[in-house]
1. Looking at (1) closer than 18 Å to ILE179 by Cβ; (2) modelled with pLDDT of 95 or more; (3) not charged (D, E, K, R), which is the one condition that is false for ILE100?
2. Does PHE135 meet the test of being surrounded by fewer than 20 Cβ atoms within 10 Å (Cβ to Cβ) and part of a helix (DSSP H, G or I)?
3. May I ask you to say which residue of GLY97, GLY87, GLY60, GLY71 is under 18 Å from LEU172 (Cβ atoms) and either touching a helix residue (DSSP H, G or I) at 6+ places or on another chain (Cβ under 7 Å) or surrounded by 24 or more Cβ atoms within 10 Å (Cβ to Cβ) (or both)?
4. In the stretch 143-170, which residues are touching a residue at least 24 places away in the same chain (Cβ under 8 Å) and out of contact with any Leu (no Cβ under 8 Å at 6 or more places or on another chain)?
5. Say whether the condition of being within 24 Å of ILE123 (Cβ to Cβ), without any contact (Cβ under 8 Å) to a residue 40 or more places away in the chain and in contact with a Phe, Trp or Tyr (Cβ under 8 Å, 6 or more places away or on another chain) is met by at least one residue in the stretch 20-35.
6. Could you grab me the full set of residues in the stretch 103-132 that are of a type in the set (Phe, Trp, Tyr), at pLDDT 95 or above and surrounded by fewer than 18 Cβ atoms within 10 Å (Cβ to Cβ)?
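The values are calculated or read from the model by the stated rules, or taken from the named source; none is laboratory data. Quantities reported herein were computed from a predicted structural model and do not represent experimental measurements. Note that each Cβ is placed from the backbone with ideal geometry, even for glycine, and that neighbours are counted across all protein chains shown.
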Amino acid sequence: MEAVKKYQIGKLVKIASITILGTLLLTISAKVKIPFYPVPMTMQTFVVLFLGMAFGYKIGLLTVSLYLFEGIVGLPVFANSPEKGIGLVYFTGPTMGYLIGFLIAVSLTGYFKYEKNFIYIFIKLLFAVSFIYIFGLLWLGNLIGWDKPIFKFGAQPFLLAELFKLLLLVTLSPYIKKIKKII
């Protein structure tokens, strides 16, 4: 019985450590940015998809949820915080839809099975990341008005960089699968 408790405690410590490390990775990726209006270009989408691929949908979703919680309670984890505000005020700004999309993207990415076929991997990642942009554009349109060029502001500037990130993840996918086996 004691061995079971030690195993469970060890597993919980491992999951907690991975989750905290993942939120740190997300925070760093948020701070690596190219300023655009109204949404900055960051490496967050890369890390969100990486977390799903490496940790699976349960730990990936836990990690992204903790990251969003950290930001909502006021820790400066988001891309433009603390410069443009912190907490719930920042969260409900122009990037909220993208941040909510992270939850769906990490879940889908973690749920998918990754075979050796790079084309299938690319299509699955493209499908998952599209939810970040769909939620982002829907929120942005509601926030700044549908009469504005929402796609031009909220997606078009990022598409080439997103393609690069997806191709990088596809290339790294055999190594990422090895991380998943450890966990």
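1. (1)
2. Numbers: surrounded by fewer than 20 Cβ atoms within 10 Å (Cβ to Cβ): no; part of a helix (DSSP H, G or I): yes.
Taking the combined requirement at face value, the residue does not satisfy it.
3. Just a single option satisfies the conditions, and that option is GLY60.
4. Here is the first cut: in the stretch 143-170, the residues touching a residue at least 24 places away in the same chain (Cβ under 8 Å) are 143-144, 153-154, 157-158, 161-162, 165-170.
Result: LEU143, ILE144, PRO157, PHE158, ALA161, GLU162, LEU167, LEU168.
5. Yes, there is a match, as at least one residue in the stretch 20-35 is within 24 Å of ILE123 (Cβ to Cβ), without any contact (Cβ under 8 Å) to a residue 40 or more places away in the chain and in contact with a Phe, Trp or Tyr (Cβ under 8 Å, 6 or more places away or on another chain).
6. PHE122, PHE127
Conditions tested, residue by residue: (1) over 16 Å from MET43 (Cα atoms); (2) assigned to a helix (DSSP H, G or I); (3) in contact with a helix residue (DSSP H, G or I) (Cβ under 6 Å, 6 or more places away or on another chain).
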{"residue": "ILE104", "(1), (2), (3)": "yes, yes, yes"}
{"residue": "TYR114", "(1), (2), (3)": "yes, no, yes"}
{"residue": "LEU140", "(1), (2), (3)": "yes, yes, yes"}
{"residue": "LYS152", "(1), (2), (3)": "yes, yes, no"}
{"residue": "PHE164", "(1), (2), (3)": "no, yes, no"}
{"residue": "PRO174", "(1), (2), (3)": "yes, yes, no"}
